[in-house]
1. Have a look at L238, L225 and point out the one that is in contact with a Ser or Thr (Cβ under 9 Å, 6 or more places away or on another chain), part of a helix (DSSP H, G or I) and either hydrophobic (A, V, I, L, M, F, W, C) or under 30 Å from L117 (Cβ atoms) (or both).
2. Looking at S199, is it among the hydroxyl-bearing types (S, T, Y), touching a residue at least 40 places away in the same chain (Cβ under 8 Å) and either touching an Asp or Glu at 6+ places or on another chain (Cβ under 7 Å) or surrounded by 10 or more Cβ atoms within 10 Å (Cβ to Cβ) (or both)?
3. Mind checking whether some residue in region 34-50 is over 18 Å from S246 (Cα atoms) and not in a helix (DSSP H, G or I)?
4. Residues of region 147-188 being within 22 Å of M118 (Cα to Cα) and assigned to a strand (DSSP E or B), which ones?
5. Output yes when any residue across region 189-196 is surrounded by 11 or more Cβ atoms within 10 Å (Cβ to Cβ) and part of a strand (DSSP E or B), and no when none is.
6. So, in region 9-26, of the ones that are closer than 17 Å to S80 by Cβ and modelled with pLDDT of 85 or more, which residue ends up surrounded by the fewest Cβ atoms within 10 Å (Cβ to Cβ)?
Amino acid sequence: METHSQILDRLRSSFRSGITVPEAFRQAQLKQLMSLMTENEDQILDALKKDLAKPKFESVIAEVDMVINELHFTIANLNSWMQPEYVSKNLNVVFINLSLLVSAPTVLVDVAEDDALMEEEIFGPFLPILTAETLEEAIALINRQEKPLALYVFSEESSVVNTVLEKSSSGGFCSNDGIIHMALPTLPFGGVGGSGFGSYHGRWGFETLSHQRAVMLRGWTLERLNGLRYPPYTEDKLSWLRWTTSAKPSCSLM
């Protein structure tokens with residue numbers, strides 16, 4: 001049986017791989033987590049009482065039910081969240097002539113993965129070539145490095161493009177072209193991991209540089225109902241609160 005640290009290391013390795021897993025797997029994991037929460041509620045409440053001195057009332061409302069309701073919501077909406085978001089194909093390209101001192105484009109062959117040339121960003125017209133025998137080996141090579149700002153795949157086989165797309169992680173992705181995805185204002189541009197963070201261009205840049213402030217304006221009309229939240233805590237109050245805050249089809253009651 002795996003130890004706690006072994007399980008943690010395995011899960012971290014899986015998370016950091018950036019590999020996209022099918023919806024069915026995600027749904028199964030969420031449902032297992034749901035079962036863990038519901039079947040072990042008493043043990044969780046006892047642990048919160050022992051470790052944090054939290055009353056059962058507060059633990060149920062602020063911990064257990066919050067997680068359970070989040071799981072219900074995620075399970076119900078995961079499919080729609082995973083659907084591709086299609087955008088318009090408008091593209092404006094401007095070419096500008098610049099007089100600069102430049103180096104001639106240079107292709108470097110017989111480059112090893114651990115060469116100094118591969119340790120950091122290359123700011124110049126130098127293209128190192130690393131060779132992989134199989135597609136799986138090429139994907140493994142990509143995943144061993146820092147996540148790139150952009151990943152380009154050239155192939156006449158859509159299955160090859162889709163395999164690389166699904167099994168790798170990068171700031172952006174473009175097939176059978178280079179850089180052109182950066183010119184679309186309807187697509188976000190940005191890195192992930194070592195290549196940066198955030199999304200820019202169009203509304204993506206606006207949202208990245210804006211704070212979405214959560215605002216709830218509550219009046220005093222229903223203050224009698226809010227009394228359910230206040231001490232002294234009773235089982236009746238807890239039952240009513242759990243009913244009003246539990247996930248319900250097509251209904252959200254606060």
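The values are calculated or read from the model by the stated rules, or taken from the named source; none is laboratory data. Every value quoted in this text rests on a predicted model; they were computed, and no experiment measured them. Here the Cβ is made from the backbone with ideal geometry for all residues, glycine too, and neighbour counts use every protein chain on show.
1. From the options L238, L225, the qualifying one is L225.
2. Answer is no for this residue.
3. No; the residues of region 34-50 include none that is over 18 Å from S246 (Cα atoms) and not in a helix (DSSP H, G or I).
4. Residues satisfying the conditions are A150, L151, Y152, V153, G172, F173, C174.
5. For region 189-196, residues surrounded by 11 or more Cβ atoms within 10 Å (Cβ to Cβ) and part of a strand (DSSP E or B): present.
6. Applying the filter and picking the extreme gives A24.
Results for (1) over 30 Å from S14 (Cβ atoms); (2) assigned by TED's automatic domain parsing to the domain that holds G194; (3) surrounded by 11 or more Cβ atoms within 10 Å (Cβ to Cβ); (4) out of contact with any strand residue (DSSP E or B) (no Cβ under 7 Å at 6 or more places or on another chain), shown as yes or no for each residue.
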residue	(1), (2), (3), (4)
V107	yes, no, no, no
D110	yes, no, no, yes
E113	no, no, no, yes
L165	no, yes, yes, no
F173	no, yes, yes, no
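Results for (1) of a type in the set (V, I, T); (2) touching a Cys at 6+ places or on another chain (Cβ under 8 Å); (3) in contact (Cβ under 8 Å) with a residue 24 or more places away in the chain, shown as yes or no for each residue.
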| position | (1), (2), (3) |
| --- | --- |
| L127 | no, no, no |
| L135 | no, no, yes |
| I139 | yes, no, yes |
| L151 | no, yes, no |
| F154 | no, no, no |
| C174 | no, no, yes |
| D177 | no, no, yes |
| T186 | yes, no, yes |
